[in-house]
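Let me begin by presenting the structure, written as structure tokens, before commenting on it.
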Amino acid sequence: MINQQIQIYNTLTRTKEKFAPLNPPFVGLYVCGPTVYSDVHLGNCRTFISFDLICRYLKFIGFKVRYVRNITDAGHLEGDRDEGDDKFAKKAKLEQVEPMEIVQKYTVGFHDVMRTFNTMPPSIEPTATGHICEQIEMTKKIIANGYAYVVNGTVYFDVEKYNKEFLYGQLTNRKLEELLEGTRELDGQDEKRGRLDFALWINAKPEHIMRWPSPWGWGFPGWHIECSAMSSKYLGDAIDIHGGGMDLQATHHTNEIAQSQACNHQAPVKYWMHTNMLTVNGVRMSKSAGNGFLPDELFTGNHPLLEKGYSPMAVRFFMMQTHYRSTLDFSNAALQAAEKGFERLMAAYNTLQNLTPSAASSFDLNQLKQKCYDAMNDDFNAPILLAQLFDGVKIINSVNDGKEKISAADLDEMQKLFSGFIFDVLGLAADSNASAANDDTLSTVMSLVIDIRKDAKTKKDFSTSDKIRDDLAKAKITLKDTKDGTEWKLEK
């Protein structure tokens with residue numbers, strides 16, 4: 001019997017806690033999605049791939065998951081202080097198109113990238129512009145509860161008043177006094193009462209393109225209110241898991257907690273989970289540092305920092321080698337090592353399908369199986385899971401070489417184990433870049449070449465046999481002689 005007790009790291013308490021969803025097992029998972037005014041960057045990709053893994057595993061062990069991932073397509077200003085230009089409107093003016101054309105273009109691009117990385121689509125993908133009414137209603141409740149005020153058509157959340165009853169900085173474990181020290185003093189032109197106050201609804205200037213009618217005049221929603229409104233609509237006032245990148249903790253998620261609690265009089269989330277940042281050769285990835293690259297650049301190698309292109313599945317495998325809460329460092333050496341590791345894992349899976357069973361096994365499969373589940377039950381620890389699978393790879397190769405034995409029943413179980421964790425949980429897939437290796441024409445040619453080499457060896461013409469092997473190696477095709485014949489593999 002496999003133990004399925006999940007221990008999940010909760011950002012709010014900074015401890016691992018036993019994950020206890022409703023009974024029957026239902027999990028509400030909300031992840032802050034992309035702001036679609038530009039191409040999706042790798043930091044976003046890492047977050048969504050990490051939560052794809054989490055969603056996949058929960059489903060794999062029998063939970064019914066409602067996965068909600070929003071699209072931010074309105075109200076995202078230049079900074080977290082609710083000032084500057086709306087980025088959608090700004091880009092629309094530059095390109096002389098409607099803002100929703102910008103939204104559509106980059107939403108389609110985001111979905112294309114997610115499909116390339118083999119992520120599952122969410123159960124629901126709501127948009128900010130599609131939930132203006134919900135955001136207005138939530139803002140009205142917060143005002144009625146005494147935690148917000150209106151100035152010239154803009155609604156501000158009163159952080160200091162809220163903090164008298166609740167701990168505003170609980171998610172980042174900081175007191176209000178510490179947070180105030182890092183903000184500038186209000187000048188006489190500022191409408192806000194407090195330095196940390198943030199906008200729930202923003203009064204729109206006449207030239208503002210994206211705006212809607214509200215009880216406070218024409219305007220548009222603040223950035224933070226959208227997630228609170230949409231998560232509560234689709235997952236209730238207290239959802240199981242809420243996640244996103246760690247850069248969202250200090251402001252966006254902190255403000256989400258405050259406005260949701262002020263509205264509904266209860267903590268909005270049981271478990272907060274956050275993915276860590278990306279670095280490149282030890283330096284934080286960013287446009288300003290010149291070390292940020294888009295997924296297409298990573299796939300094609302069209303970037304000064306890349307020695308070559310890397311397939312989407314090799315990149316996904318690379319991301320799985322680091323726990324979602326740890327910093328992930330990109331380098332050509334690390335990516336190339338991951339590429340080889342992915343190929344080795346997939347080769348072992350293919351070998352597993354063709355093993356010949358024996359009367360009994362010479363190893364304990366249940367022990368390997370338990371370790372795989374234990375890894376994922378320990379806060380979704382994909383790196384440890386991969387380590388256990390590679391222990392399984394050693395067993396597979398040993399059985400293939402005749403050094404170990406596997407029973408028919410264990411062979412069936414091991415095939416299910418590897419298929420389940422490689423494809424269903426880790427979300428890996430056969431690499432499209434290696435499709436030539438499975439091409440019917442190449443397979444036919446290789447069968448002919450192997451037959452010619454076999455005939456040469458039978459005639460003791462070892463010089464011809466060796467030449468065939470060596471010339472194929474130059475063409476990145478590796479031959480391996482086994483007791484069952486000769487296998488071949490196309491290297492990258």
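The values are calculated or read from the model by the stated rules, or taken from the named source; none is laboratory data. Please read all numbers here as calculations on a predicted model, not as lab measurements. All Cβ positions, glycine included, derive from the backbone under ideal geometry; neighbour counts span all protein chains shown.
Of the residues contained in region 157-170, one or more are found to be touching a residue at least 24 places away in the same chain (Cβ under 8 Å), of a type in the set (A, V, I, L, M, F, W, C) and out of contact with any strand residue (DSSP E or B) (no Cβ under 9 Å at 6 or more places or on another chain). Taking residues in region 324-340 that are free of Cβ contacts under 8 Å to residues at least 40 places away in the same chain, and partners anywhere that are assigned to a loop (DSSP other than H, G, I, E, B), the pairs with Cβ atoms closer than 6 Å and at least 6 places apart or on different chains are Asn332/Glu307; Leu335/Tyr310.
Can you tell me which residue among Asp424, Asp461 is modelled with pLDDT of 90 or more, surrounded by 13 or more Cβ atoms within 10 Å (Cβ to Cβ) and not assigned by TED's automatic domain parsing to the domain that holds Cys55? Selected residue: Asp424, the only one of Asp424, Asp461 that is modelled with pLDDT of 90 or more, surrounded by 13 or more Cβ atoms within 10 Å (Cβ to Cβ) and not assigned by TED's automatic domain parsing to the domain that holds Cys55. Contact map, region 363-378: first residue on the phi > 0 side of the Ramachandran plot and among the charged types (D, E, K, R), second residue surrounded by fewer than 19 Cβ atoms within 10 Å (Cβ to Cβ) and in a helix (DSSP H, G or I), Cβ cut-off under 9 Å, separation 6 or more or different chains; the map is empty. Filter region 272-311 for residues that are assigned to a strand (DSSP E or B) and either touching a Cys at 6+ places or on another chain (Cβ under 6 Å) or modelled with pLDDT of 95 or more (or both); which is farthest from Glu339 (Cα to Cα)? Result: Trp272. In the condition set (1) crowded, with 16+ Cβ neighbours inside 10 Å; (2) assigned to a helix (DSSP H, G or I); (3) at pLDDT 95 or above; (4) not basic (Lys, Arg), Ala92 is compliant with all but (3).
Tell me yes or no: at least one residue of region 227-235 is among the hydrophobic types (A, V, I, L, M, F, W, C) and in a loop (DSSP other than H, G, I, E, B). Within region 227-235, none of the residues are among the hydrophobic types (A, V, I, L, M, F, W, C) and in a loop (DSSP other than H, G, I, E, B). Just so you know, in region 216-235 the residues that are buried (at least 24 other Cβ atoms within 10 Å of the Cβ) and among the polar types (S, T, N, Q) include one that is nearest to Asn70 (Cα to Cα), and it is Ser231. Does Gly146 qualify as being farther than 26 Å from Met273 by Cα, out of contact with any Pro (no Cβ under 8 Å at 6 or more places or on another chain), assigned to a loop (DSSP other than H, G, I, E, B) and at pLDDT 95 or above? Judged against the criteria, Gly146 is a match. A Cβ distance below 6 Å, combined with a sequence gap of six or more or placement on separate chains, defines the contacts here; from region 207-235, residues that are over 20 Å from Pro99 (Cα atoms) and assigned by TED's automatic domain parsing to the domain that holds Ile102 reach residues that are among the hydrophobic types (A, V, I, L, M, F, W, C) and part of a helix (DSSP H, G or I) in the pairs Ala229/Met138. For region 41-66, a residue qualifies if it is among the β-branched types (Val, Ile, Thr) and assigned to a helix (DSSP H, G or I), and the qualifying residues are Thr47, Ile49, Ile54.
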